[in-house]
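These notes concern the structure reproduced below.
The values are calculated or read from the model by the stated rules, or taken from the named source; none is laboratory data. What you see is a predicted model; the values in this text were computed from it and never measured. Virtual Cβ from ideal backbone geometry, glycine too; neighbours counted across all protein chains shown.
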Amino acid sequence: MFKVERNVLVLSLTVGGTLLFFYSWYYLFPIHLEKLGASQREIGISYTLFCLGFTLAQILGGYLTDRFGRKFIIVVPTYAFPILYLFLALARVWWVCVIYYLATSILSAIQIPAFTSMLSESTERKGRAFGFFEFSIAIGIALGPLLGGFLVERTGIENLILLTALGTFSSAMARFLFLREERTAEKMERMDVWRGITKNYMWFLVAGSFLFLVLTLTINGPFLSLFQKEVLSFSSSRINFLFAVGGLFSAISCLFWGRLIDRYSTKLLLGVSLVLHPLLIVLWVLSGGVLPFFILSFLFSQFFYIGYQVIITDIATERARGRMIGIFGSITGLVSSVGPVLGMHMRFRFGWFYPFYLALLFGIAASLALMKVKLEKAR
């Protein structure tokens, strides 16, 4: 029986709970910005800014994680989220909403190296630990749209954002009380990082850049929501319900993906997922929205996160783990941040199918680059 370690349990439950409220309105946020007066080009630019904010600050987060410890960098930014979401809910100008949302993206970026490092250092069975963590995330992502689908027509997106403010405050209290620091602070040296910048690390940077480009054109970007609204003429509730169904399949997949990682090749499983996820999305749009293709794509998307976290924590040295994860996140995020703008350009120039064709091309490129990575756990 798989025992869930304390830190893994606390992080999984608090992140999953927060995302339950966050994803009750996340997929509707592009539509919310459009209603407030933003053009589709402005929405594309905004999502590029969100990607930049979520990734560039990871370098700072990695440094702070190694300097002050994992728990400190996880807990402190969490206390700022309730205030930011409160202001976001009250904003009535689209670019003001973009500013507040961007601030939350930056704070989330600062936390990412601490999350990944603490999870890795809290257990010997990384596959199952990251699988359980991503399972909790996927459950939140799945049930969130379901919750939003029931409530959005009655309460509006603003009240759903207010619920997110309450959820993040509860998470901050739980993390402060129950998380336990697993790593004793050590003196940081620049050479710790330079020793970790190996050929494997560089090839995984290339693969990771294409990996996150795929996600910015599929589940993390505005294109799936806008395609359903404009091409398939789906209502906001129906869009949320479809993401909820896909998210439930994604959550279920996390449990067996984690076990498979601990038994088989992480690299092989990730390489296959990198191609199958965007391929199924392409089949979905070409078929005019046939539901099984959409749902099956979610089975493979969640493994992007499980697989990349296992690989990066194996490659990164312990003394510089936070910084190396931060550098990886920032560089891959910087590259992938062009995805929404590039995808919107393809949409306007060639048609609605082309952002998803581009995602498939990036998935194949990521899989080829991943073949160059030789996995050996760093010391």
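Would you confirm whether or not the stretch 51-74 contains a residue that is within 19 Å of GLY167 (Cβ to Cβ) and modelled with pLDDT of 85 or more? Taking every residue of the stretch 51-74 in turn, at least one turns out to be within 19 Å of GLY167 (Cβ to Cβ) and modelled with pLDDT of 85 or more.
One line per residue, one yes/no per condition, for (1) of a type outside the set (Asp, Glu); (2) touching a residue at least 60 places away in the same chain (Cβ under 8 Å); (3) surrounded by fewer than 24 Cβ atoms within 10 Å (Cβ to Cβ):
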| site | (1), (2), (3) |
| --- | --- |
| ALA244 | yes, yes, yes |
| GLY271 | yes, yes, yes |
| LEU286 | yes, yes, yes |
| PHE303 | yes, no, no |
| GLY329 | yes, yes, no |
| SER337 | yes, yes, yes |
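I'd like to check something: does the stretch 129-138 contain any residue that is within 26 Å of SER46 (Cβ to Cβ) and assigned to a helix (DSSP H, G or I)? Yes, the stretch 129-138 has at least one match. Taking every residue in the stretch 24-35 that is within 14 Å of ILE239 (Cα to Cα) and pairing it with any residue that is not aromatic (Phe, Trp, Tyr) and not in a helix (DSSP H, G or I), at least 6 positions away or on another chain, the pairs with Cβ-Cβ distances below 6 Å are PRO30/PRO222. Only one entry of VAL373, VAL341, VAL310 meets the criterion of being part of a loop (DSSP other than H, G, I, E, B) and on the phi < 0 side of the Ramachandran plot, and that entry is VAL373. Among the conditions (1) under 24 Å from CYS51 (Cα atoms); (2) small (Gly, Ala, Ser); (3) part of a helix (DSSP H, G or I), the only one that GLY221 does not satisfy is (3). When the stretch 174-214 is examined, which residues are found to be among the hydrophobic types (A, V, I, L, M, F, W, C) and either assigned to a loop (DSSP other than H, G, I, E, B) or at pLDDT 95 or above (or both)? Those that are among the hydrophobic types (A, V, I, L, M, F, W, C) and either assigned to a loop (DSSP other than H, G, I, E, B) or at pLDDT 95 or above (or both): LEU179, ALA185, MET188, ILE197. Only a single item in (1) at pLDDT 85 or above; (2) under 22 Å from GLY144 (Cα atoms); (3) β-branched (Val, Ile, Thr) is not met by VAL245, and it is number (1). For the structure I just gave you, tell me whether GLY307 is of a type outside the set (Lys, Arg), under 20 Å from LYS199 (Cβ atoms) and without any contact (Cβ under 8 Å) to a residue 60 or more places away in the chain. Considered against the rule, which asks whether it is of a type outside the set (Lys, Arg), under 20 Å from LYS199 (Cβ atoms) and without any contact (Cβ under 8 Å) to a residue 60 or more places away in the chain, GLY307 comes out as yes.
Selection of the stretch 4-36 for residues being hydrophobic (A, V, I, L, M, F, W, C), closer than 29 Å to PHE223 by Cβ and in a helix (DSSP H, G or I) yields VAL15, LEU19, LEU20, PHE21, PHE22, LEU28, PHE29, ILE31, LEU33.
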